[in-house]
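Take a look at the structure below.
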Amino acid sequence: MLGDYCGIKSRKKLSPEQASSLYWAYYALARLGRWHDSSRNGRVGTQALWRGWFTLMDYVEAYEFLKDIDE
């Protein structure tokens with residue numbers, strides 16, 4: 001699973017038939033964007049979400065590049 005390589009740890013294992021929730025994706029992007037709930041309000045800022053998105057895109061590009069090399 002891509003999340004294992006990206007440093008995203010899911011709290012529970014989901015069956016393949018069950019899709020991840022939007023809640024999980026929101027906080028996974030936040031964690032990739034180096035967000036820690038230090039103020040304990042649970043809200044993620046836009047900067048952390050964008051940093052997480054670009055980090056995820058870097059991981060995806062690296063994965064695709066390495067997959068092409070392997071072939």
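Restricting the range 1-42 to residues that are modelled with pLDDT under 75 and not in a loop (DSSP other than H, G, I, E, B), the residue that is surrounded by the most Cβ atoms within 10 Å (Cβ to Cβ) is Cys6. Whenever a residue of the range 49-69 is of a type in the set (Ser, Thr, Tyr), its partners that are surrounded by 12 or more Cβ atoms within 10 Å (Cβ to Cβ) and assigned to a helix (DSSP H, G or I), lying with C-beta atoms within less than 7 angstrom and at least six residues away or across chains, give the pairs Thr55/Leu32; Tyr59/Cys6.
The values are calculated or read from the model by the stated rules, or taken from the named source; none is laboratory data. Since this is a predicted model, take the numbers as computed values, not measurements. Cβ: placed from backbone, ideal geometry, glycine included. Neighbour counts: every protein chain shown.
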